[in-house]
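The values are calculated or read from the model by the stated rules, or taken from the named source; none is laboratory data. Keep in mind that what you see is a predicted model, and the values were worked out from it rather than measured. Every residue, glycine as well, gets a Cβ built from its backbone with ideal geometry; the counts of neighbours run over all protein chains shown. These accessible areas exclude ligands, DNA and RNA; they are computed on the full protein's heavy atoms, side chains included. Shrake-Rupley method; radii C 1.70, N 1.55, O 1.52, S 1.80 Å.
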Amino acid sequence: SPVKVTKICCIGAGYVGGPTCAVVALKCPHITVTIVDLNQSRIDAWNSPDFKLPIYEPGLEDVVRQTRGRNLFFSTDVDKGIEEADLIFVSVNTPTKKSGIGAGFAADLNYVELATRRIADVAKSSKIVVEKSTVPCRTADAMRTILDANSKPNCRFDILSNPEFLAEGTAINDLLKPDRVLIGSLQTPQGIDACNSLASIYANWVPKDRILTVGLWSSELSKLAANAMLAQRISSVNALSAICEATGANIDEVAHAIGFDSRIGPKFLKASVGFGGSCFQKDILNLVYLSESCHLPEVAAYWRQVVEMNDYQKRRFSTRVVDTLFKTITGKRIAVLGFAFKADTGDTRESAAITLIRDFQQEKALINIYDPQVPHEQIWADLAEASPDIPLAATQKQVTICASAIEACKNAEAVVIATEWKEFCDIDWESVYAHMKKPAFIFDGRIIVDADRLRKIGFKVTVIGRAE
Ligand code: NAD
Ligand code: UGA
């Protein structure tokens, strides 16, 4: 019969482990939740007395204030966390492999394997082990083999897949009111019991008809599939944005028109400078690798095109900036507004802004950057990684990080909107115009400005998916 879980351990205190388990603790006061991580400074930030948490996520601080010290704990004592728990979420990072077999496509499963081996080594009682990280199809099989081969007598491990669908910037709301919770298990009596144990945790706040239970491999593949389909929508709309720019159609009008078809739906049809974030590209490349491993080259090529279209969109945008500024931006000052990969997060992983700024640096422009959340050290680290041939000192001569949008735009020849921060909708554009070089250009990579109003002020405005 299903185990009644009273102690949960989450391995990995990142963007997923932190918010997810904080919400579990909030909704399940009868369960003790301990989030462990090897990264001391991350854990210190989660424990910081003034709640300077390691990630910025609207509503997160409030949840942590209510639960920390009550039934939510953060620790670097991974072994103790594992030993005490009935159920363990594995929520470690699974980045794209940088070298070796499958480099550039396959997921690096080293962190998942290390966490799994740690569980096998230190567990003295039976555990339910939950794959929360996004992993290739059949990873649970490998985890089971490792656990079974290393476990002590009287320890049994049940493995579940429970992928996370939260989006950054709306994580707390997504967790409180998920479209669905997906749990995959082996269809054996023990597998189904473990599945019911986890389902009963979510049932504390998620309606039963939104808790979907499926086989392990379907669950693992559904996560890759969901991200691939979401990213595909963006690449589709971005591909159409290029046609709009060439023909005089307007991508926002086209998206609105097609989104009215209830089979298509209005969400996730916003043309942009390209999708970013730690997962879309990684998970699609993972799916491409999986397809190739299954000897399905046509399927691999199909999904690969979603990422290629995204690269093209970013390249196309920076080319349009250079072309519009009379084919040279050498020595010209460009203000880049926004550095995070989307609004309401401080996360910069795979942010389109990084690629744009790298392109502008190669054209020898001077760049001012403003983002309301991204720490300055993070910006320098991302720029250094994007242009490994340029010494940091040279980058710091070419790039200035500014304290406000207004300051970033001062004396600039062009403003580039890279992230859709709400505060960029409320900028005092008259004042910006007064302090810019003329002609003053705006490039809206997020379709957030009122182009007609800005043109009346005197700006030359270029918007994604519009001819002018
Ligand atoms: P992250 O890098 O923010 O966090 C992972 C954490 O795991 C790090 O703090 C790292 O120190 C820790 N860690 C790694 N190995 C460890 C070990 N052996 N023991 C203890 N701690 C260890 O990553 P994330 O963004 O939280 O993503 C985690 C997983 O969730 C990934 O597989 C990702 O694809 C998936 N996912 C992410 C999102 C998202 O929005 N970021 C959404 C859904 C799913
Ligand atoms: C995405 C998915 O939405 C989540 O369901 C999933 O759990 C997560 O990936 C993950 O697996 O990591 P996230 O990357 O946090 O979430 O944020 P999204 O809102 O999906 O945005 C991704 C990127 O697409 C951003 O750069 C965003 O600006 C861009 N985007 C999104 C568009 O350009 N147009 C749109 O219409 C929507």
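Before moving on, here are some points about what is shown:
- Helices in the chain, meaning DSSP H runs of at least 4 residues, each add -39500 (n - 2.57). Divided by all residues, the mean residue ellipticity at 222 nm is -13500 deg cm²/dmol.
- Global form of the chain, assessed from the alpha-carbon gyration tensor, a/c cut-off 1.5: prolate
- Among beta bridges identified by DSSP and lying wholly in region 93-235, the antiparallel ones come to about 15 percent.
- Anisotropy class assigned to region 1-70 is prolate, per the alpha carbon gyration tensor with a/c at or over the 1.5 cut-off and a/b larger than b/c.
- Put simply, the C-alpha atoms of region 279-361 give a gyration tensor, and the ellipsoid matching it has half-axes of 31, 17, 8 Å, longest first.
- Among beta bridges that DSSP assigns inside the chain, antiparallel share in %, nearest 5: 5
- Distant-in-sequence amide H partners of Lys270 (H built 1.01 Å from N, under 5 Å): none
- Accessible carbon and sulfur surface of region 219-312 relative to its total accessible area, %, 1.4 Å: 65
- Projecting the Cα atoms of Ala440, Pro58, His256 onto the dipole axis of the chain, where Lys and Arg carry +1 and Asp and Glu carry -1 at the beta carbon, places His256 farthest toward the positive end.
- For region 281-430, with +1 on Lys and Arg beta carbons and -1 on Asp and Glu, the positive-most of Thr328, Leu285, Thr355 along the dipole: Thr328
- Summarising the amide proton neighbourhood of Val399: residues at separation of 5 or more, or on other chains, whose placed amide H is nearer than 5 Å comprise Ile367.
- Summing charges over neighbours of Cys28, with a neighbour being any other residue whose Cβ is under 12 Å away from its Cβ, gives +4 when K and R count +1 and D and E count -1.
- Within a straight-line Cα-Cα reach of under 17 Å, Lys98 can be paired with the following lysines, leaving aside sequence neighbours fewer than 8 residues apart in one chain: Lys282.
- Order by protection proxy (mean Cβ within 10 Å, highest first), peptides 150-157, 108-115: 108-115, 150-157
- Gap separating the Cα centres of region 267-290 and region 347-403, nearest whole Å: 22
- Net charge of neighbours whose Cβ lies under 10 Å from the Cβ of Leu325, counting Lys and Arg as +1 and Asp and Glu as -1: +1
- Free-standing Cys residues across the chain, given no other cysteine C-beta under 4.7 angstrom: Cys9, Cys28, Cys137, Cys155, Cys195, Cys244, Cys279, Cys294, Cys402, Cys409, Cys425
- Under the convention that each Lys and Arg Cβ holds +1 and each Asp and Glu Cβ holds -1, the size of the dipole of the chain around its Cα centre is about 120 debye.
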